[in-house]
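For reference, the structure discussed in these notes is given below.
The values are calculated or read from the model by the stated rules, or taken from the named source; none is laboratory data. Keep in mind the model is a prediction, meaning the values are calculated, not measured. Ideal geometry is used to build each Cβ from the backbone, glycine not excepted, and the neighbour counts take in all protein chains shown.
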Amino acid sequence: MPRINYEKKIAENGNLPEHVAIIMDGNGRWASRRGQPRTSGHNAGVNTVKTIVKAAARIGIKILTLYTFSIENWKRPKSEVSHIMRLLYEKTRSEVDELNSNNIRLTAMGKIDGLSVSRRRALKQAMEATKKNTGMVLNLALNYGGRTEILEAVKKIVRDIKRGLVNPRKLDEDMFAKYLYTNGMPDPDLLIRTSGERRLSNFLLWQTSYTELYVTDVLWPDFGESDFFKAVLDYQTRNRRFGEVTAS
Ligand code: FPP
């Protein structure tokens, strides 16, 4: 099906996911299948990021959250970690114009304090330079861990209870969610994972309770616009019940 038909079909279906999250997996495998170092897989992965960000913005996705670097990723070889960090630094500097011309606002979530000063500064500048954009939000999960996020929220709530700012008897799911990095964002409607693995890998543990999951064997560097559109079309066929019973 040519690209235009995918987009037309998605628009006709109408029930577009508002928030899409992606576990971008398979860069290493893509590279090793080519006899190349893992770093070249990450370089190729960046090109996919650009393609998918533009495609998502074009079809009207409101928030795109990308699992860019997990807390566990620090355990990788030092050279690989520095390469990913360098890519991140370079891209947050070089892609600002592109984000602005697509009306995209950049945000980040995770233990941002754990990044180096220069990377944090580059990120902050890119977020500042795009903050007035009214189109899609591109939300990068950086130095992110789902359990850490929940634990940090609990610590902040305990602090606020001690300060008398929160009544523990009034603590409910909505209030808890306000203490998460995703405060103010709707939960992801659709979570895509590339390269076949069927797990959450500590990503958005609280927020994915009712998220529709889509796993594809396609490796992230090979994941193209049409693969993304197929995932959205698949989402549009799902019957979301949120634990309730519906006629059909
Ligand atoms: C997963 O592949 C990919 C990552 C851990 C890093 C993702 C980072 C990028 C695509 C580059 C930077 C992004 C931006 C937004 C500029 P893997 O290495 O786990 O692959 P494998 O499972 O095959 O080993």
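Worth pointing out:
- Within the option set Gly45, Gly28, being within 26 Å of Asn143 (Cα to Cα) and either without any contact (Cβ under 8 Å) to a residue 40 or more places away in the chain or among the aromatic types (Phe, Trp, Tyr) (or both) holds for one residue only, Gly28.
- Residue match in segment 205-215 (condition: modelled with pLDDT of 95 or more and under 24 Å from Val46 (Cβ atoms)): yes
- Flag if Thr92 is at pLDDT below 95 and either away from the ligand (no atom under 14 Å from the Cβ) or of a type outside the set (Asp, Glu) (or both): yes
- Qualifying residue in segment 143-163 (condition: within 24 Å of Tyr67 (Cα to Cα), touching a residue at least 40 places away in the same chain (Cβ under 8 Å), of a type in the set (A, V, I, L, M, F, W, C) and within 16 Å of the ligand (Cβ to nearest atom)): no
- Selection within segment 69-95 - over 15 Å from Gly28 (Cβ atoms) and of a type in the set (Ser, Thr, Tyr): Ser82, Tyr89, Thr92, Ser94
- Filtered residues of segment 10-64 (kept if more than 13 Å from the ligand (Cβ to nearest atom) and closer than 24 Å to Pro77 by Cβ): Gly35
- The lone exception for Ser226 - which of (1) within 30 Å of Trp74 (Cα to Cα); (2) in contact (Cβ under 8 Å) with a residue 40 or more places away in the chain it fails: (1)
- Identity of the residue in segment 65-88, within 21 Å of Lys54 (Cβ to Cβ) and touching a strand residue (DSSP E or B) at 6+ places or on another chain (Cβ under 8 Å), that ends up farthest from the ligand (Cβ to nearest atom): Thr65
- Failed item in (1) of a type in the set (Gly, Ala, Ser); (2) surrounded by 13 or more Cβ atoms within 10 Å (Cβ to Cβ); (3) assigned to a helix (DSSP H, G or I), with Ala141 passing the rest: (3)
- Some residue of segment 158-175 being closer than 17 Å to His19 by Cβ and of a type outside the set (Asp, Glu): no
- All of (1) polar (S, T, N, Q); (2) without any contact (Cβ under 8 Å) to a residue 24 or more places away in the chain; (3) surrounded by 18 or more Cβ atoms within 10 Å (Cβ to Cβ) hold for Gln207 with one exception: (2).
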